[in-house]
């Protein structure tokens, strides 16, 4: 209860940037960093740009498709076909061809 008067109290404030007693390593150097590497983020961004560019080449309704997928990533193909006023079977064939092509690009 009397922490301020305790004989074991350490009044020194430790910093993560302060070197250890050996002078070589600081605590910040040994903390795990689970964040993504900048190179990985840039590679993902480049791949996404490439996939979207190819989508525009494959489908004239790419804007509508992207808009629907951005607002609801669980939307069904049937619902998108209805919104595009396209027969469901025609849309299903078209989207299958698009997905196959985009998967092929991702695997390369």
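Every number in this text was worked out from the coordinates using simple rules, so none of it is lab data. Source: prediction; values computed, not measured. Positions of Cβ are generated from backbone atoms using ideal geometry, with glycine treated the same way; all protein chains shown enter the neighbour counts.
State whether segment 32-105 is rounded, prolate or oblate according to the following rule on the C-alpha gyration tensor (a ≥ b ≥ c being the square roots of its eigenvalues): a/c under 1.5 gives rounded; otherwise a/b larger than b/c gives prolate, and the remaining case gives oblate. Here segment 32-105 falls in the prolate category.
Order 36-43, 95-102 from most to least packed using the mean count of other Cβ atoms within 10 Å.
Result, highest mean first: 95-102, 36-43.
Taking each residue as 0.36 nm, the span from residue 43 to residue 90 lengthens on full extension beyond its C-alpha to C-alpha distance by 13.5 nm. Projected label points at residue 83 and residue 52, each 7 Å from Cα along the beta carbon direction, are separated by 1.6 nanometres.
Between residue 33 and residue 70, the FRET efficiency estimated from the beta carbon spacing at R0 = 35 angstrom works out to 0.70. Distance between the 7 Å Cα→Cβ label points at residue 9 and residue 104: 7.3 nm.
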